[in-house]
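Beneath this line is the structure, given in structure tokens, with notes to follow.
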Amino acid sequence: MTQVTKFASPNKSTNVRFLLSVWASMERWFGRWQDRRRLAAMDLRTLGDLGISPGQAAFEVARKPWQEETGLGKNAEVGIDCPPRKSSVVSLGRTDQLLPLRTVHLGGLPVGFRPVFAEDKEPLRDFLNGLSERSRTLRFLVIKHFFSDREMDRLCRVDQTSHVAWVAVDLSAPQEKILGEVRFAITEGDPNVAEFGVAVADAFQGRGLGRLLMEVLADEAQRCGVQSLRGYVSETNALMLGYVMHRGGKMALDYPGVMQVDLSVSAIRAQTLAAE
């Protein structure tokens with residue numbers, strides 16, 4: 001006689017629970033995607049009314065559907081978490097993930113501004129390596145021939161609060177290309193002062209891109225409660241020193257060949273609003 005062994009069939013209730021769990025996750029992801037699409041489509045005035053800066057909007061919309069909201073304060077009208085930030089910054093998110101908040105044209109080239117993300121490590125490295133030796137030296141005040149992974153991690157892993165970093169990007173290129181970067185880090189012991197740095201691709205120097213990046217930084221500085229931006233500038237950096245003088249900044253010799261400059265955030269923003 002042949003013995004027939006009956007194998008247990010899969011537990012149907014377990015399968016149903018699993019499918020329901022997957023469905024619930026998909027619903028949550030789709031809801032986040034819809035919320036972020038609505039957020040990306042908002043204009044600057046609407047964002048301001050909701051107390052959301054373009055920087056926060058860009059950071060939130062860039063998140064994947066399966067990534068949770070930033071958890072910085074619930075805003076029921078938008079359906080996402082956001083902090084009570086107000087900003088009039090001229091900004092723009094990366095084109096493969098965000099809808100633009102605003103586009104600036106420089107000589108007919110569409111240029112956007114957005115926060116730095118952790119995944120910008122290689123694009124930012126390409127930008128820095130693409131600078132002339134003189135431009136890299138003016139930016140870092142030392143001769144830099146390469147940037148280590150550790151350095152790039154430090155430059156890209158920013159919290160956009162105590163360490164803020166933004167980039168200007170070429171929107172006409174098939175792949176987003178960084179044209180400039182600007183950042184500040186709040187100094188220890190004085191939350192009203194932040195040390196800043198800015199770099200612009202050689203081909204775009206003297207065309208207003210650095211000024212636009214500084215306006216972005218000033219807006220973010222105001223959001224973070226920073227009153228003064230401090231930088232260390234080579235005496236040979238005529239463009240930056242001219243910018244400081246034009247905005248009533250203070251300059252003092254820090255050490256031979258290098259000037260300490262201090263810029264009032266309110267002064268930068270006042271000139272920006274006057275120009276508008």
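Readers should treat all values here as calculations from the given coordinates under stated rules, not as data from a laboratory. A quick note: this is a predicted structure, and the numbers were derived from the prediction, not measured. When we count neighbours, we look across all protein chains shown, and the Cβ atoms used for this are built from the backbone with ideal geometry, even at glycine.
Computed packing ranks the peptides 250-256, 111-117 as 111-117, 250-256, most packed first, by mean other Cβ atoms within 10 Å. Classify the range 113-275 as rounded, prolate or oblate from the Cα gyration tensor: take a ≥ b ≥ c as the square roots of its eigenvalues, call it rounded if a/c is under 1.5, otherwise prolate when a/b beats b/c and oblate if not. Taking the square roots of the gyration eigenvalues as a ≥ b ≥ c, the range 113-275 is rounded.
For 244, 104, 226, the sequence from fewest to most other C-beta atoms within 10 Å is 104, 244, 226.
Judged by the mean number of other Cβ atoms found within 10 Å, the most tightly packed of the peptides 228-236, 164-172, 130-138 leads the ranking 164-172, 228-236, 130-138. With a/c under 1.5 counting as rounded, go ahead and sort the range 105-163 into rounded, prolate or oblate using the C-alpha gyration tensor (a ≥ b ≥ c being the square roots of the eigenvalues; past the cut-off, prolate if a/b is larger than b/c, else oblate). Oblate, since a/c reaches 1.5 and b/c is not below a/b.
Computing FRET efficiency as 1/(1 + (r/R0)^6) for residue 159 and residue 255, where r is the C-beta to C-beta distance and R0 is 41 Å, gives about 0.85. Sorted fewest first by neighbouring Cβ atoms within 10 angstrom, 159, 262, 35 come out as 159, 262, 35. Taking label points 7 Å from Cα along the Cα-to-Cβ direction, residue 188 and residue 37 give a separation of 4.7 nm.
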